[in-house]
Amino acid sequence: MTFSRRLLSVAFASLLLLTAGCDLHDFIHWAPDGQHAFVQGDNDTWLIDSSGAILGKATDARAWLPDSQHVIADRTVEPTNWDEYAQLLGTDNVDRVTEAADRLVKVIRGYHGEWSNFTDSVSYKKWDEAERSHASVQSVTFYLRQTNPQAIVPVLKAMSPDEQSKINDLTPEIHEIVIRNALPSKPPTDQLLVRFPFSILWVGASPNGQMIAFTADTPERPSLYVVPRTLNARAILVDEGVTEADWTTDGLNLVYGKTAVPTELLSQSAQLGTITCRPVCGTNDQLLAEFPPAKDLAGVLFGGKITRVACLTDGRVLFAAFPVRLPAITADMPSQLTLFALPAGATQSIVSVVLPSDIDRLPNRADCFALSPDKKKVAVPGNAGQVSILFLDSGKLVPMQADNVYTNTQDSDQLIPSWRTANEITLAVPVGDPTGSTNRVEAVLANLGGGKTLISRSWTTNMAKQFLPASK
């Protein structure tokens, strides 16, 4: 192993320790006016009011529009036939699927064991490993079931009755991004924006709500797109190697972390990437006819996943990274993520927004930071539910939840704190907290001036068990 690879491996091993077990997720999303939120529960997505009372379902909701009345939703439908799905895939991806299908047919024809053991065979596993980043098993089997069903009859016949009853699980899904009325006082009419053949990872509206950016789990590496809120709109590719982004406050640019390597390599070793900006809109609030080249603002070290970024009102770009400096020896490699900002202007420089004396006090999941609505504060979570607030102007760090909330991080996903207002934030409190309950983790609204209010009292176990686990 080369010295450079050894350095990357050390840094990546540190991040693996931080992210071991279940991950952190944005389960609660407050509307910009703070009057409603949707909660992504185990069995559906639910709309709540500011007290936490459940008002109804907000199925498929992924993000709010600036008007606090509409949400961007990601609904799924099954394709009726291969031609419908292939139209959405595009020529290059169709070629990947058909080539992978041809290779799978050869594997099936060359197999001579018990068909019930086919997916455990060396030949199938080699095919799966080779094709995983190019075409999904669902798309390949759907293509063969539609165009050459006899080729996979032996495999399908060998399925157990339970597996055969779930044969539709082998059908790929079409994702439809829609705009929907979210409030119960208005009919939930859907405006279809775009249909997409890959899973949607993240969505976000521009500051004026007229453009929607989203990332999709496209083959080899995820990709960033933008689509206008108009009828018969077309999604335009912005960049590849991106899992989420943020809009600059003027709504003209998208800023994001990206990597040029296949995403699956992020789970195997640390990879270098960039914080990147690309103009997508003109001052007339219309998409540019042609996007100018993307500008790389900073180089960063990614491990496990790509960092989120946030655009501040003064033009700075906030992101999390390891403070790596070269040349270095292995002992110099840091084990703690921290937060940095790129100031606006022609002269670029990276500035730490965390005081040197506070870096060791910062909760260890700075990669999952949450920016306040006034863009002046950041909530930084820890891997067991700890939360601290960082004031960006002064660098002051204030613990909000110092105790471990999740006693066994293998059993549930953790709640990323979410801001309701500039001074009130939703976070999880442990079993036995005076504001919570004696039988499970609970969600509370914590005021920066002091005081907590329980909001999850009416949330059923089936709704919230994924991130509000019961005591044992």
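The values are calculated or read from the model by the stated rules, or taken from the named source; none is laboratory data. Everything quoted here is computed from the prediction, not taken from an experiment. Cβ atoms come from the backbone with ideal geometry, glycine included; neighbour counts cover every protein chain shown. Areas reflect the complete protein model, heavy atoms only, side chains present, ligands, DNA and RNA absent. Shrake-Rupley method; radii C 1.70, N 1.55, O 1.52, S 1.80 Å.
Extents of the chain, largest first, come to 68, 59, 56 Å (Cα atoms, principal axes, whole angstrom).
By a 1.4 Å probe calculation restricted to protein chains, K452 has an accessible surface near 70 Å², given to the nearest 10. For the chain, the solvent-accessible area works out to 46 Å² per residue, with a probe of 1.4 Å and every protein chain left in place.
Ordered by packing density, taken as the mean number of other Cβ atoms within 10 Å over each peptide's residues, highest first, how do 457-465, 221-229, 307-315 rank?
Per-residue Cβ counts within 10 Å, averaged per peptide and sorted highest first, yield 221-229, 307-315, 457-465.
With a Förster radius of 41 Å applied to the beta-carbon distance between K125 and D26, the computed FRET efficiency rounds to 0.75.
Choose one of Q191, L312, Q210: the residue whose Cα lies farthest towards the positive end of the charge dipole of the chain (beta-carbon charges +1 Lys, Arg; -1 Asp, Glu; about the Cα centre). Of Q191, L312, Q210, it is L312. Dividing the C-alpha radius of gyration of segment 190-259 by 2.2 N^0.38 Å, with N its residue count, gives 1.05. Report note on the peptides 82-92, 251-261: ranked by the mean count of other C-beta atoms within 10 Å, highest first, their order is 251-261, 82-92. Across all Cα pairs in segment 362-439, the calculated P(r) in 10 Å bins from zero up to the longest distance comes to 20, 51, 24, 4 percent per bin.
Amide H contacts of W64 (H built 1.01 Å from N, in plane; Pro and chain starts excluded): I72 sit under 5 Å, all sequence-distant by 5 or more or on other chains. The modelled label-to-label distance for the pair I167/I236, using points 7 Å beyond Cα in the direction of Cβ, is 4.4 nm. Applied to segment 28-36, the Karplus parametrisation 6.51 cos²θ - 1.76 cosθ + 1.60 on θ = phi - 60° returns per-residue 3J(HN,Hα) values of 10, 10, 7, 5, x, 7, x, 8, 9 Hz, with x for Gly and Pro.
Database remark: amide H of L193 closer than 5 angstrom to the amide H of I177, V178, I179 (H placed geometrically; neighbours at sequence offset of 5 or more, or on other chains; Pro and chain starts carry no H).
Using only helices, what value at 222 nm comes out for the chain when you add -39,500 (n - 2.57) per DSSP H run of length 4 or more and divide by the total residues, to the nearest 500 deg cm²/dmol? Write out the running numbers ahead of the final one.
Working: 8 runs with 78 residues, N = 472.
Rounded to the nearest 500, it is -5000 deg cm²/dmol.
A Cα-only calculation for segment 32-158 places Rg and Dmax at 21.4, 63 Å.
Here the calculated FRET efficiency for N404 and D33, from their Cβ-Cβ distance with R0 = 25 Å, stands at 0.15, rounded to the nearest 0.05.
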